[in-house]
Amino acid sequence: MDLFFVSRARVQERPELYSGVGEEAVWRLDFRALPDRLPVIVDGQMRPVEPACGWFRHLAYLGRDPEDTLRHYAYIVLRLIEFLAERGRELGTAAESDLVAYRRSRTELQDVPVGGTAWDREASVINTLLDWMVGQGLRRASPLRAVGSTNPLASGMSRDMDIRHLSLGQYVFFRDVGLGGQTLDGEVDPAFRGWAPNRGRAASDLALMTGMRPQEWSTVLFPELAVGLRRPGEVVQFDLQECAKYRKHRIVFVPQDALTSVDRFLLIERPEMAEGLVRALERRHRELLVVSEIDYARGRLRGRWEGRDREFAWSAIPPRLRRVTVHEGPAGLEPLAVFIGHGSLMLTSSSWDRVRYQAWDRLTAVRDEERAPQLPLKRYRFHDLRHTFALRLLDFLMRRAAERERAVVRAGTATLAEHMAFNPLLIVSRRLGHASPATTYEYLRYLEDPMAYVDAVFAQWAASDGDSYADIALRAMNVEEAGHAAPR
C-alpha cells in the first residue's frame, strides 16, 4: 500500500502529462470540496483503501488541518492497515487480539519501541477511527472491550503535564548562544554560518513574551504585528483563532521588546530571503493568495486565490493558507508571513525543529564550561518558552494579588467580582487560551522548587561533626577497596 497527498498544483504544473484528465481531476476535487494535502491510501491497483480514505475526507470536512493533523493520522492508519494485512485482516474485520498484537509490536517488539506518551496518542487516533466506523454502520461495535474509561489499547500510564521552563540565564544562553550564534563571551562565533541568527532570536523572544504556541507564533503575518505601520515604542495586539489549539479565540499582546527583536530580523536578514523567492513565487502564482489590499481598521485583507477575488479576516486564515499568502513588494511577490527561510514561504514545524536541534548541539558543545548555565537532560523545545511565560506571569500576578489582598484587608472592602477580575489563575488561563482553568492549576506546582525545602529540612540530619553520612561512607568504601575492611 502507498500513501499519497492531494495536490492540485502538481497537476496544473504538468499539463502535458495529464491533459484533459488533469482538468477533470481538478474539477472533481473542487466539486467534492477535497482540500490540498488530503491523505489518500491506495492499494496495489491504485484504488483508494476504505474506510480510511472516507475517514480522512470526513475529518477534512470538519476542518482538521491536512498539513499537520491529517498527515500525522495518515501514517498511523497506514501502519495499522499494513500490520493487519499481514495477519489477513482489515479494519472492518480486525479483532481485539489483532489490535492488542499491534500495540505490542509498537511498544515492545520493534527495533525502537515507542514510549507510552507517543503510543497513547496513536491509540487515541485508532479509537477515534473505530468509533467513526461504528457510527457509520461499517462495524457493528468496536472490537475493544472498555473497562471503565480505558480499553486494551491504553498504555496504562498516568501522567501530569510535562511542564518545562527556563531560568533567565538558561533562556539567554539558548537564545544568544544556541540560536544567535554567539560565544559565551558575547562575541560573534566565526564558525556560525547559515542559520539566520536574528530570525531565531526574534522567534524565541516572540514566543517567550507572548506565550503563543509554536503554530501560533510561527505563522504570524505582517499585518498582525502592524509592520511598517506602528511607531517606535508602540505595542500591538491581535486576535488569534484559526491558528490556535482547538481554534479557541483569544487576544495576543505583543510587548515592545519582542517587536524590537522582530524588527531587527526584518531589517537585517529577511530582505535577502524574500529576494531569493521572487522567481519561485512567480511560477507558483496560480496557487498563491495574492493580497491586493490590507484593511487594518477591520483586521481584514483582500486578494485573489484560486482564480477568485476573496476577503478574509486575519484571525480566520488557517496555517495552510498563510503559507501561500503573498503581497506585491518592491521587488515583486513577497510572502506575507514574518518568518520565512531561504527558498521557503514559511518555515514548517520540521524546519523549526532543525533550528532548535542545531541550537541544542551548540549548547551541549560548551555545557561543561564554567560560564555556561546548567542544561536539562532533555533537549529544549520551543513550547518550553510558553511554559516559562506562564510561570513568570503567574508568579508576578500572585505576588501582586497578595499585596492587593493585604490592602483590601486593611480597607475592609472586597467584592466577588474583584476577586474574579484579579484572580491570577484566571488571568493566565485567558492569556494562554486554556480550554479549562484546571489546566492552569498544573503550573502552581512549579512556582517554587520543592527540592530546596527537602535540602533545608534534612540539612542537619545528614551531617555529623561537619561530615555527612555520604562522606563517611565514601571513606569507608575507600578503605575496603584498599583491602583494609573492618571485620563485620
With +1 assigned to the C-beta of every Lys and Arg and -1 to the C-beta of every Asp and Glu, and no other charges, what is the dipole magnitude of the chain about the Cα centre in debye, to the nearest 20?
1440
Net charge within 14 Å of V40 by Cβ-Cβ distance, Lys/Arg positive one each and Asp/Glu negative one each, not counting V40 itself?
+4
Size descriptor, Kirkwood hydrodynamic radius, that averages inverse alpha-carbon separations across region 168-361, Å
17.3
Under the classification rounded if a/c is under 1.5, otherwise prolate if a/b is larger than b/c and oblate if not, where does region 144-228 fall, given a ≥ b ≥ c as square roots of the Cα gyration tensor eigenvalues?
prolate
Over 31 Å [Cα-Cα, the chain], rounded percent
59
What are the equivalent ellipsoid semi-axes of region 224-274, built from the alpha-carbon gyration tensor (square roots of five times its eigenvalues), in whole angstrom, biggest first?
23, 15, 9
Region 190-293: relative contact order as a whole-number percent, Cα under 8 Å and 6+ apart:
30
In this structure, the FRET efficiency calculated for Q45 and Q215 from their beta-carbon separation, with R0 = 60 Å, to the nearest 0.05, is 0.95
Given 69-77, 278-286, 335-343, 430-438, the highest-first ranking by average Cβ count within 10 Å works out to 335-343, 69-77, 430-438, 278-286
Taking region 168-361 and dividing mean pair separation by its residue count, relative contact order in percent (alpha carbons under 8 Å, at least six apart)
23
By average C-beta atoms within 10 angstrom, highest first, the peptides 101-109, 213-221
213-221, 101-109
Length-normalised contact order of the chain, Cα under 8 Å, at least 6 apart, in percent, tallies to 12
Out of all DSSP beta bridges in the chain, what portion is antiparallel? Express it as a percent rounded to 5.
90
Tell me what the chain gives for mean residue ellipticity at 222 nm when only DSSP H runs of n ≥ 4 count, each as -39,500 (n - 2.57), the sum divided by the residue total, rounded to 500 deg cm²/dmol.
-13500 deg cm²/dmol
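Values in this text are rule-based calculations from the coordinates and carry no lab data. None of the values given here were measured: they were computed from a predicted structure. Note that we place each Cβ from the backbone using ideal geometry, even for glycine, and neighbour counts take in every protein chain shown.
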